[in-house]
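To keep things clear, I will list the structure first and then write my remarks on it.
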Amino acid sequence: MLHRSLAFTSDKSKDLQQQKIGRRRSTSSHNVITDDFKEASRSILGEIYFFTLDQTSQVLENFKSSGVGHDAGSLQLPTDNPIKHFNNAGCSPQPLPVLQKVIQHNLLESVLGGYLAAEQCQNERDLVYWVISKLINAQDPLEIALVESATVAWTRVFYAMCDCLNCGDNGTGDSDVILCCEAEYAANIVAIEKICKERDATLIMIPADKGMVDMDEFTKILNGEWSYYEFYEDTMEKGKKILNPDRIRMVCITHIPTNSGIINPVYEIGDAIEEFNKKRKKGKKHPLYYLVDACQSVGQIDVDVAEMKCHALSATGRKYLRAPRGTGFLYVKKDIADKLVPQQVDHAAAPIKRVPIDEVEDIEYEFPEGALRFEFWEKNIANQLGLGLAVNYAIKKDMGWIEEQCITLAMELKGQLRKLNVATGGKIYVHHENLDHDSTQCGIVTFAVRGIDSASIKEDLLAFNFVVSVVPPTSTPFDSSNYGLNEIELLRVSLSYFNTEEEILDFSSALKTIISDEN
């Protein structure tokens, strides 16, 4: 049974430094909010129940006397924290205002109870959708769903899209195809493989150039000018054939992967898919869906879903947005969302319209407008409020400035790694990077030290107060396989705007000491 195909790879090289691929191309700002989050929202939602950062409401002022606890507004973080957070692509530390917000609402729940506390801040909860829509330039807050993580967001909309596409009936007499990028995240690949096995569909990897989607090859795919090798499980044989673009049902792209600092050309891909779908519409065929995983990009670089022209996008709170763990969001273009039916629903996602007259009458339910159909009833209100405040915090910092800072710091780190590579006789390998030519695109840098286990270096770095991450090859299996990293774990340093050049110099010194001690 056919269930997966492997694509040819491309050896073309491009000057990454000269191309602004995968980034917003317009210079106008879509996410400017006035200094006061509360004031900015009054015109839309009216007076709201909102805790300011400078003082808390009267109910919190009464916490001490009621014996519940301290006023969260007085909370202060230690000023002498020795930890250097170099794992912002994993879990970035919350800013103090975000931490205050989460504690404030938990205190409120302890006094009022969870339901009444949620009712009291309903307007503020509505603002979370609004501020997220401003961050990514969604056209309507109804296009936003709040969920527990980027993976929850991605899988919920992915399975719904697969059902809507009616996989297995594409009019070609051949299997449906789902395209993904070389650097696709493992969780997404597992979900795609599951669908392919269940529905006799085919997963094809789009050819890449230095880890990034090769737009020339992608254009050939959409034009029906691209060949691939097809594998058959029953005979273990393979054959080369032209891919009929009518077989393609969905394109899944990870914007910035977990194992390197490359940026996929998501805006250029969106342009190509839009033109492709115009032709499909004339033939009264179902549109090709475009799903973007932006868990490593939202909060690190400017993201614009309108310009990206994606149909859906998933993101998390705990990474570069600096929101609490257990938070994330899903964007689904409204006209697309209104057509999708989630695989799992409850009475919040599909409210019952009325009580049946008798036991034989069918229960009638209907989905709400937009992306809300992808939410469930139960949710962590405190953390979601923290997510909203973290998003607003990033907007007020200015996403353009954040992006610039992340790139500047990553360039500094790569400069130090180049020096260390010379000093150690060529021991440093930086993934998807030529150390003689800087092509830094974001704040993520992944590397390995030849002859030394990455996990042991991670532990040794902690002794110097540096928190980094180790990326196993299975996290991006196609990319790891294509670049000979089947058995190699990468050290991942992911820098954010609050990191400093002094920390990078200290990190380089610590790494040099560790390498010297190992030798």
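Just so it is clear, none of the values below were taken in a lab; they were calculated from the coordinates. All values reported here derive from a predicted model rather than from experimental measurement. As a convention, Cβ positions derive from the backbone with ideal geometry for all residues, glycine included, and neighbour counts pool all protein chains shown.
The shape of region 400-518 can be summarised by an equivalent ellipsoid whose semi-axes, obtained from the alpha carbon gyration tensor, come to 20, 18, 14 Å from longest to shortest.
The modelled label-to-label distance between residue 271 and residue 163, using points 7 Å beyond Cα along the C-beta direction, is 3.6 nm.
Excluding same-chain neighbours fewer than eight residues apart, the lysines reachable from residue 238 by a Cα-Cα span under 24 Å are 194, 197, 220. Applying 1/(1 + (r/R0)^6) with R0 = 30 Å to the Cβ-Cβ distance of residue 172 and residue 474 gives a FRET efficiency near 0.35. Normalising the average separation of contacting C-alpha pairs (under 8 angstrom, six or more residues apart) by the number of residues puts the relative contact order of region 417-486 at 20 percent.
I need the calculated FRET efficiency for the pair residue 220 and residue 481, taking r as the beta carbon distance and R₀ as 35 Å, to the nearest 0.05. With R0 = 35 Å, the Cβ-Cβ based efficiency is 0.95. The alpha carbon convex hull volume per residue for region 134-397 rounds to 155 Å³. Ranked by the mean number of other Cβ atoms within 10 Å per residue, highest first, peptides 255-268, 417-430, 492-505 order as 255-268, 492-505, 417-430. Under the convention that each Lys and Arg Cβ holds +1 and each Asp and Glu Cβ holds -1, the size of the dipole of region 400-518 around its Cα centre is about 240 debye.
Each peptide in 290-303, 91-104 receives the mean, over its residues, of other Cβ atoms within 10 Å, and ordering these scores from highest gives 290-303, 91-104. Whole-Hz Karplus values for region 335-350 come out as 5, 7, 4, 5, 9, 8, 10, x, 6, 10, 9, 10, 6, 7, 6, 9 Hz, taken residue by residue from phi with 6.51 cos²θ - 1.76 cosθ + 1.60 and θ = phi - 60°; glycine and proline positions read x. Here region 246-285 and region 502-519 have alpha carbon centers that stand 42 Å from each other. Shown in residue order for region 250-257 are the 3J(HN,Hα) couplings computed by the Karplus curve 6.51 cos²θ - 1.76 cosθ + 1.60 at θ = phi - 60°: 8, 10, 10, 10, 8, 4, 10, x Hz (x for Gly and Pro). Computed from point charges on the beta carbon alone (+1 for Lys and Arg, -1 for Asp and Glu), the dipole magnitude for region 164-312 about its Cα centre is near 580 Debye.
Computed from phi, the 3J(HN,Hα) profile of region 450-459 under the Karplus parametrisation 6.51, -1.76, 1.60 (θ = phi - 60°) reads 4, x, 10, 5, 5, 5, 5, 5, 4, 5 Hz, with x in place of Gly and Pro.
Database remark: amide H of residue 489 closer than 5 angstrom to the amide H of 454 (H placed geometrically; neighbours at sequence offset of 5 or more, or on other chains; Pro and chain starts carry no H).
Taking the Cβ-Cβ separation of residue 517 and residue 286 as r and a Förster radius of 60 Å, what is the calculated FRET efficiency to the nearest 0.05? Rounded to the nearest 0.05, the efficiency is 0.50. Rounded to the nearest 20 debye, the dipole size of region 134-397 about its Cα centre is 820 debye, using +1 on the Cβ of Lys and Arg and -1 on the Cβ of Asp and Glu. Placing a label point 7 Å from the Cα of residue 194 along the Cα-to-Cβ direction, the residues of region 333-355 with a backbone N closer than 12 Å are 343-344.
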